[in-house]
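J.: Once you've had a glance at the structure underneath, I'll fire off some questions.
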Amino acid sequence: MSAEVTRRGWLGGALALAGAGALGCSRDGETKRWTARWVGAAHERGHRLRDAKSGARPAPAVTKRAGVLVAGGGIAGLAAARALRRAGIDDVHVFELEDTPGGNSRGHTMGGIGCPLGAHYLPTPGEAAREVAEWLEELGLRRIEHGRVVYDERHLCHSPQERLFIDGQWHDGLLPPIEALPAAERERSADQYRRFSRAVQRWVDAGAFSIPTARAVWTPEHARLDAITFAAWLSREGLDAPALRWYLDYCCRDDYGAGSAQVSAWAGLHYFASRHGFHAPGDEVGERDGVLTWPEGNGWLAARLAAPLGERLHGGCVVLRVREDREQVELDLWNEREQRVERWIAPQLVLALPLFVAARVLEAPSSALTAAAAAMRHAPWLVANLHCERPPIDRGGAPPSWDNVLYRSPALGYVDAMHQSLRPHPGETVFTAYWALGGDDATQAGTARRALLEDSAETWATRVLADLVRAHPDLPRHVRQVDLMRYGHAMSIPVPGLRGHAALRALQETNGRVHFAHADLSGYSVFEEAFFHGHRAAAQVRAAFTPASAARSPAGPPARRG
């Protein structure tokens with residue numbers, strides 16, 4: 001992040017964008033035409049757990065039994081349920097706080113147009129993400145032809161993919177182009193682009209980073225990178241060009257929800273070295289990695305993971321308590337629809353919740369869980385969907401793209417839900433704008449979290465529009481509805497020391513009746529990590545059942561002891 005942005009205060013600059021009612025009227029005096037609302041479960045539902053811990057909890061109104069329980073209907077929980085079903089264990093019940101499953105990968109609809117409430121794409125998986133690749137083949141999205149991986153082009157992101165608004169014009173790609181920078185910055189920026197490219201390529205050539213991270217090597221050099229912030233590492237390497245630092249900070253906010261001053265150097269390099277590398281202008285670049293996307297983003301994938309569960313997927317359920325003993329696991333929850341406390345009992349449970357929540361619901365959390373939860377910091381996020389009667393006027397330069405980013409914005413830009421449409425003329429669309437609010441430290445993240453909870457939907461919608469009018473001055477005239485989704489604790493920030501934390505490794509190796517499955521176990525949140533941990537936890541559950549019992553109805557198989 002630039003020194004200018006750091007001095008003025010990141011959150012203060014972000015929130016100041018609203019102005020003094022600047023968007024209450026358009027420039028020609030036209031009255032504001034849009035309305036705004038929060039969507040998703042009210043945050044009070046999630047706070048029911050906090051309140052239950054501090055007061056008396058009603059006795060369960062009913063008690064039910066199942067073969068396996070999965071607490072958490074995000075990607076990790078849904079992947080665990082899928083893996084268990086494939087192993088022949090059908091009596092799997094999944095419980096999710098929100099009314100719809102998917103976690104950070106849920107979808108939404110506005111005016112009949114699909115749009116995301118969270119993650120909006122899935123990079124084509126690398127060799128290490130075997131479970132995801134296998135599932136994509138099952139869905140018909142991926143196949144092998146003559147020894148070569150081929151993806152269904154209908155689901156790959158259409159070109160142009162990315163553009164950057166800088167100095168009043170759109171430019172191809174997201175790396176600030178040298179010719180768009182002030183003359184005094186150009187030579188230094190070009191040199192540092194090349195130097196950072198060489199640094200990343202060294203790690204790419206060594207194969208030292210991969211997704212999921214559990215299948216990557218871990219060396220003393222990785223540990224040293226994990227011990228300092230990315231910003232500190234960049235400064236140590238003499239990489240201080242404002243354009244480069246802005247771009248790298250943007251990448252950290254995009255993937256981790258917080259800036260380079262908060263994430264580890266390991267995480268900053270992992271962003272590039274585990275996927276597509278970093279390419280300076282003039283570098284020889286091979287075929288670019290594909291990106292799978294849909295109007296509703298990864299909600300398309302979440303819906304297909306959830307569909308086979310049918311009535312065994314329970315939305316609107318707040319986990320209150322998990323108790324493990326020698327014979328079984330008890331799960332107490334609040335059923336929002338039935339307005340009652342329920343108790344579910346099973347031989348095995350997959351706890352696919354953020355680790356700080358898992359530490360609260362477990363009646364007797366382990367020292368590893370307590371330590372891991374204490375070491376974590378979670379980023380708040382805002383996702384704003386703007387239903388437009390027509391696209392706004394473009395400012396020229398690079399043509400409208402799927403991902404559209406504004407240089408030096410406090411936000412992450414927007415994606416156009418209808419970019420994947422092949423319609424021959426412009427029409428209604430939804431712009432999905434993303435705000436990663438983790439900031440540069442825990443204090444900034446906490447301030448942003450309070451603003452998410454306390455400020456009105458109209459206030460936040462005004463901030464979003466005030467940011468985007470820099471590139472689209474007429475946008476407010478075309479917006480009819482703004483639906484906002486707030487995540488108080490959207491994802492784990494890979495702060496220094498987290499990736500190599502012994503507690504995270506210990507939680508992945510549990511052999512009791514409770515098995516942990518969440519992207520938190522990787523220290524950061526992406527689809528492939530969550531999917532991997534869901535499959536890993538499911539394998540632990542399968543191992544707890546004897547072969548004979550697994551072949552029978554799984555309604556009540558005995559668990560191995562020891």
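The values are calculated or read from the model by the stated rules, or taken from the named source; none is laboratory data. Given the structure is predicted, the values throughout are model-derived calculations rather than measurements. Note that each Cβ is placed from the backbone with ideal geometry, even for glycine, and that neighbours are counted across all protein chains shown.
J.: Residues being aliphatic (A, V, I, L, M) and either exposed (fewer than 13 other Cβ atoms within 10 Å of the Cβ) or in a loop (DSSP other than H, G, I, E, B) (or both): count how many of those fall in the range 143-186. Break it down into steps so the answer makes sense when it comes.
T.: We begin by selecting, within the range 143-186, every residue aliphatic (A, V, I, L, M); these are 144, 149-150, 156, 164, 166, 174-175, 178, 180-181, 183-184.
Among the residues that remain, those that are also either exposed (fewer than 13 other Cβ atoms within 10 Å of the Cβ) or in a loop (DSSP other than H, G, I, E, B) (or both) are: 144, 150, 174-175, 181, 183-184.
Selection size over the range 143-186: 7.
J.: Going by what's in this entry, would residue 445 be described as under 19 Å from the mean Cα position of the chain (by Cα) and assigned to a strand (DSSP E or B)? If you could, list the steps in order and put the result at the bottom.
T.: Details: under 19 Å from the mean Cα position of the chain (by Cα): yes; assigned to a strand (DSSP E or B): no.
It is false that residue 445 is under 19 Å from the mean Cα position of the chain (by Cα) and assigned to a strand (DSSP E or B).
J.: Can you pull out the residues in the range 333-374 that are within 24 Å of the chain's Cα centre (by Cα) and surrounded by fewer than 17 Cβ atoms within 10 Å (Cβ to Cβ)?
T.: The answer is 370, 374.
J.: Looking at 246, 266, 233, which is the one that is touching an Asp or Glu at 6+ places or on another chain (Cβ under 6 Å), in a helix (DSSP H, G or I) and among the hydrophobic types (A, V, I, L, M, F, W, C)?
T.: Working: 246 fails: touching an Asp or Glu at 6+ places or on another chain (Cβ under 6 Å); 233 fails: touching an Asp or Glu at 6+ places or on another chain (Cβ under 6 Å).
Of 246, 266, 233, the one residue that is touching an Asp or Glu at 6+ places or on another chain (Cβ under 6 Å), in a helix (DSSP H, G or I) and among the hydrophobic types (A, V, I, L, M, F, W, C) is 266.
J.: Can you list residue pairs whose Cβ atoms sit under 9 Å apart, with the first residue in the range 179-204 being closer than 10 Å to residue 278 by Cβ and in the same structural domain as residue 216 (by TED's automatic domain parsing) and the second being in a loop (DSSP other than H, G, I, E, B) and basic (Lys, Arg)? Count only pairs 6 or more apart in sequence or on different chains.
T.: none
J.: Tell me the residue from 482, 464 that is crowded, with 17+ Cβ neighbours inside 10 Å, out of contact with any helix residue (DSSP H, G or I) (no Cβ under 8 Å at 6 or more places or on another chain) and in contact (Cβ under 8 Å) with a residue 40 or more places away in the chain, please.
T.: On the way: 482 fails: out of contact with any helix residue (DSSP H, G or I) (no Cβ under 8 Å at 6 or more places or on another chain).
Sole residue among the options that is crowded, with 17+ Cβ neighbours inside 10 Å, out of contact with any helix residue (DSSP H, G or I) (no Cβ under 8 Å at 6 or more places or on another chain) and in contact (Cβ under 8 Å) with a residue 40 or more places away in the chain: 464.
J.: On to the next question. Within the range 68-83, take every residue that is assigned to a helix (DSSP H, G or I) and not hydrophobic (A, V, I, L, M, F, W, C) and give me the one that is surrounded by the fewest Cβ atoms within 10 Å (Cβ to Cβ).
T.: This residue is 82.
J.: Restricting to the range 112-142, what's the tally of residues that are in a loop (DSSP other than H, G, I, E, B) and either surrounded by 14 or more Cβ atoms within 10 Å (Cβ to Cβ) or touching a helix residue (DSSP H, G or I) at 6+ places or on another chain (Cβ under 7 Å) (or both)?
T.: Looking only at the range 112-142, we keep the residues that are in a loop (DSSP other than H, G, I, E, B), and these are 112, 117-121, 124-129, 139-141.
If we keep only those that are either surrounded by 14 or more Cβ atoms within 10 Å (Cβ to Cβ) or touching a helix residue (DSSP H, G or I) at 6+ places or on another chain (Cβ under 7 Å) (or both) as well, we get 117-121, 124-126, 128-129, 139, 141.
Residues flagged as in a loop (DSSP other than H, G, I, E, B) and either surrounded by 14 or more Cβ atoms within 10 Å (Cβ to Cβ) or touching a helix residue (DSSP H, G or I) at 6+ places or on another chain (Cβ under 7 Å) (or both) within the range 112-142 amount to 12.
J.: Something else now. Tell me, please, whether a residue that is small (Gly, Ala, Ser), assigned to a helix (DSSP H, G or I) and modelled with pLDDT under 95 can be found in the range 510-529.
T.: Going through the range 510-529, the residues small (Gly, Ala, Ser) turn out to be 512, 517, 519, 522-523, 525.
Imposing the further condition that a residue be assigned to a helix (DSSP H, G or I) reduces the set to 519, 522.
Add one more test, that the residue is modelled with pLDDT under 95, and what stays is none.
No, every residue in the range 510-529 fails to be small (Gly, Ala, Ser), assigned to a helix (DSSP H, G or I) and modelled with pLDDT under 95.
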